[in-house]
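Derivation of every value follows stated rules applied to the coordinates shown; laboratory data play no part. For clarity, every value in this text was computed on a predicted model and none was experimentally measured. As a convention, Cβ positions derive from the backbone with ideal geometry for all residues, glycine included, and neighbour counts pool all protein chains shown.
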Amino acid sequence: MRYNIMGVCKTYHEEEGWGWISIEDEDDVWVHFSSIQMDGFKSLNKGDAVLFDLEENSNLKEQSRRAVNVKKIDNKFN
């Protein structure tokens, strides 16, 4: 597990509750709404800057790199 990684929401499917976070010079990371740390409805928007922990599981195909403990931060990128 790697901690306190900064990334940017690349895409998020609000109706399905999952998306992808981009990290500079690395493969994208999968994110599920249950890993987003906020009150109320949990969602991300394209361009949201986030801080998260990275969980890696080479036994999984699509979601082998998952963001957990995801928190939005003030910076916003488009």
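Net charge in the neighbourhood of Leu51 (other residues with Cβ under 10 Å of its Cβ; Lys, Arg +1, Asp, Glu -1) is +1. Here the alpha carbons of the chain define both size measures, Rg and Dmax, at 11.4, 34 Å.
Of the residues Tyr12, Tyr3, the one with the fewest other Cβ atoms within 10 Å heads the list, and the complete ranking is Tyr3, Tyr12.
For GluC sites (Glu not before Pro), the sites in segment 39-78 that DSSP calls loop and that have at most 10 other Cβ atoms within 10 Å are Glu62. For Glu15, neighbours were defined as the other residues whose beta-carbon sits under 15 Å from its Cβ, and their charges (Lys and Arg +1, Asp and Glu -1) total 0. With the simple model of a label 7 Å out from the Cα in the direction of the Cβ, Trp18 to Asp53 spans 2.1 nm. Working from label points 7 Å from Cα in the Cα-to-Cβ sense, the Phe41 to Gln63 distance is 2.2 nm.
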